[in-house]
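These notes are about the structure you will find just below.
The values are calculated or read from the model by the stated rules, or taken from the named source; none is laboratory data. All of these numbers come straight from a predicted model, not from anything done at the bench. Here the Cβ is made from the backbone with ideal geometry for all residues, glycine too, and neighbour counts use every protein chain on show. Please note that ligands, DNA and RNA were not included when accessible areas were found on the heavy atoms of the full protein model with its side chains. Shrake-Rupley method; radii C 1.70, N 1.55, O 1.52, S 1.80 Å.
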Amino acid sequence: MRVGIIGAGTMGLTIALRLARAGHDITVIEAGAQPGGLATWFDYEGFIWDKYYHVFLTQDENLIGLFRDVGIEDKIRWNETRTGFLWKGRHLSMSNNWEFATFPALSLIQKARLALGIFYVQTINDATPLESVKASAWLRKIFGRRVYDVMWEPLLESKYGVLKDEMPATIMWATIRRYFQTRSKGGGKEQMGFLAGGMRTMYQALLAEIEKSGGKVRFGCAVETVDNGADDSVHVVTSDETLQFDRVVSTLPTDVMRRIAPDITEILPKSTGRPHFLGIVMLSLVLRRPLNPYYVTNLIQKGFPFTGIIGVSCLTEAEELGGNHLAMLPRYDVPDSDWFARSDEEIAEMFLEALRPFYPDLDENVQRWFVCREKLVQAIWIDAPPETSEPPISDDGRVWSVNAELAGRDTLNNNAIIGVANRVASDLITSIEG
Ligand SMILES: Cc1cc2nc3c(=O)[nH]c(=O)nc-3n(C[C@H](O)[C@H](O)[C@H](O)COP(=O)(O)OP(=O)(O)OC[C@H]3O[C@@H](n4cnc5c(N)ncnc54)[C@H](O)[C@@H]3O)c2cc1C
């Protein structure tokens, strides 16, 4: 059967691999010049690495399973990482049990409450009752007012900006579980993974495996419309040509799909509601030396234009980055925020100005900088996510809309995406063959 897949990100390529291996005639249609979508790579003029920061955790079984499946298990690297906090102008570390015990931003009682709260959150297996609860109220109740004010409120604000007070508790439940499970597996120490060569290693291996099974991937083809053909096929129109398929899987956000496929979306279930989206504006700094020893520096003091500092080279080995160091300063914001209209120079200047007081040698340390931005990064279900995690499918079963929105309550990560992709691919194969 001819299947067209729109988007060569993790979702599209994983579904393509499963369908191509099941013997279907697969064509992936990608607007960009290379695969990977949000997790693609970038030329930092001297070395190539992930465009945005990407790690995986020991419990990411779907992702590690995919590495195995495409023969790149030997490229997995695990390193111990440290987490820092910027508080009252000071760098604080909270990367092991001793540093936790001596962390000065909280009293002993508050630390005990923080530890007990995190333990309690790990014991919650069903988050459904939390869907109608706001994260701020839930965190205050579990951790107490002071721990909320010092730790969680600045973290919520830095990560979710203007949506901070709207965030459902489920997202913080998923975040706390995801990151603290990493620690419990590492005996109280943090351990994170990356691929030798970055995420590019996975996308190149996926492409090779898809092609080995007869699948094709077309780059530089933005899909403009999707239509029902008179001949029982679905027509996918790009700027250059019209392609015909028996089935089409879109991995674009559902609202984008609704726009480009107005006839088809009339029969897509509307009951799923609409998520809000957060985008990202990010400054990447190619450095001579790391800014600090932390993979993540959380900002628990207010007033920064960015939402955290990611010390990429505190995780990767220096030779991966041509002997350079790399730090990323993300700002998450709603897609209609002014930040998306600012020039690269303006963003770099504002971010660097905020960083200078903490790193007096900054200007000498920075070799090059780059600004990257995306408007539709994280789907956030402020009201409850759809009751079903089944993808919207057209009435005739020919067009499927499959994207990160189906990961519902999960944090945005490749492991969750691959979980959805594996499930949907198997349902699609059953529906075609059954
Ligand atoms: C800053 C940041 C940090 C992250 N950190 C991590 C991390 O540490 N660990 C982790 O596991 N995950 C992380 N993620 C999440 C991860 O990148 C995503 O979950 C994953 O890449 C989503 O894949 P996707 O295929 O669903 O979507 P996308 O990657 O968005 O893929 C969609 C594809 O569709 C293409 N497309 C769009 N419109 C059209 C069109 N009209 N026609 C044809 N093609 C089109 C796009 O170009 C893109 O390639 C991070 C994401 C960001 C942004």
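Of the helices (runs of 4 or more DSSP H) lying entirely inside the range 131-222, those carrying at least 3 residues that are among the hydrophobic types (A, V, I, L, M, F, W, C), at pLDDT 90 or above and open to solvent by less than 30 Å² (accessible area, probe 1.4 Å) are 135-143, 200-212.
Which ones in the range 224-239 are over 28 Å from the mean Cα position of the chain (by Cα) and within 12 Å of the ligand (Cβ to nearest atom)?
Taking the range 224-239 first, the residues over 28 Å from the mean Cα position of the chain (by Cα) are 227-235, 237, 239.
Matches in the range 224-239: Val237, Ser239.
In summary, Trp78 fulfils each of the numbered conditions (1) within 16 Å of the ligand (Cβ to nearest atom); (2) crowded, with 18+ Cβ neighbours inside 10 Å; (3) among the aromatic types (Phe, Trp, Tyr) with the single exception of condition (2). Against the condition touching a Pro at 6+ places or on another chain (Cβ under 7 Å), on the phi < 0 side of the Ramachandran plot and either without any contact (Cβ under 8 Å) to a residue 24 or more places away in the chain or within 16 Å of the ligand (Cβ to nearest atom) (or both), how does Phe370 come out, does it pass? It is false that Phe370 is touching a Pro at 6+ places or on another chain (Cβ under 7 Å), on the phi < 0 side of the Ramachandran plot and either without any contact (Cβ under 8 Å) to a residue 24 or more places away in the chain or within 16 Å of the ligand (Cβ to nearest atom) (or both).
Looking only at the range 245-253, decide whether some residue is at pLDDT 95 or above, in contact with a helix residue (DSSP H, G or I) (Cβ under 7 Å, 6 or more places away or on another chain), open to solvent by less than 10 Å² (accessible area, probe 1.4 Å) and of a type in the set (Ser, Thr, Tyr). For the range 245-253, residues at pLDDT 95 or above, in contact with a helix residue (DSSP H, G or I) (Cβ under 7 Å, 6 or more places away or on another chain), open to solvent by less than 10 Å² (accessible area, probe 1.4 Å) and of a type in the set (Ser, Thr, Tyr): present. Considering the range 57-72, and only residues there that are under 15 Å from Gln204 (Cβ atoms) and away from the ligand (no atom under 16 Å from the Cβ), the residue that is surrounded by the fewest Cβ atoms within 10 Å (Cβ to Cβ) turns out to be Gly71. The criterion of at least 1 residues that are closer than 30 Å to Phe245 by Cα, outside the structural domain of Thr297 (by TED's automatic domain parsing) and touching a helix residue (DSSP H, G or I) at 6+ places or on another chain (Cβ under 9 Å) is met, among helices (runs of 4 or more DSSP H) falling completely within the range 19-126, by 61-69.
In the range 1-18, what residues are of a type in the set (A, V, I, L, M) and part of a loop (DSSP other than H, G, I, E, B)?
Those that are of a type in the set (A, V, I, L, M) and part of a loop (DSSP other than H, G, I, E, B): Met1, Ala8.
Considering only residues of the range 28-41 that are touching an Asp or Glu at 6+ places or on another chain (Cβ under 7 Å) and open to solvent by less than 50 Å² (accessible area, probe 1.4 Å), which is nearest to the ligand (Cβ to nearest atom)? So, considering only residues that are touching an Asp or Glu at 6+ places or on another chain (Cβ under 7 Å) and open to solvent by less than 50 Å² (accessible area, probe 1.4 Å), the one nearest to the ligand (Cβ to nearest atom) is Ala39.
Beta carbons closer than 6 Å, at least 6 apart along the sequence or on distinct chains, pair a first residue in the range 1-16 that is assigned by TED's automatic domain parsing to the domain that holds Val226 with a second that is among the charged types (D, E, K, R) and within 8 Å of the ligand (Cβ to nearest atom) for Ala8/Glu30. Evaluation of Ser284 against the conditions (1) within 14 Å of the ligand (Cβ to nearest atom); (2) not assigned by TED's automatic domain parsing to the domain that holds Gly161 shows that the sole unmet condition is (2).
Within the range 393-434, the residues that satisfy the criterion of being away from the ligand (no atom under 15 Å from the Cβ) and at pLDDT below 80 are Asp395, Gly434.
Yes/no matrix, rows are residues, columns are (1) touching a strand residue (DSSP E or B) at 6+ places or on another chain (Cβ under 7 Å); (2) in a loop (DSSP other than H, G, I, E, B); (3) touching a residue at least 40 places away in the same chain (Cβ under 8 Å); (4) under 20 Å from Arg218 (Cα atoms):
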residue	(1), (2), (3), (4)
Val249	yes, no, yes, yes
Asp255	no, no, no, no
Arg274	no, yes, no, no
Pro290	yes, yes, no, no
Pro293	no, yes, yes, no
Pro305	yes, yes, yes, no
Thr316	yes, yes, yes, no
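Of the helices (runs of 4 or more DSSP H) contained entirely in the range 322-434, those carrying at least 3 residues that are surrounded by 15 or more Cβ atoms within 10 Å (Cβ to Cβ) fall at 344-355, 414-433.
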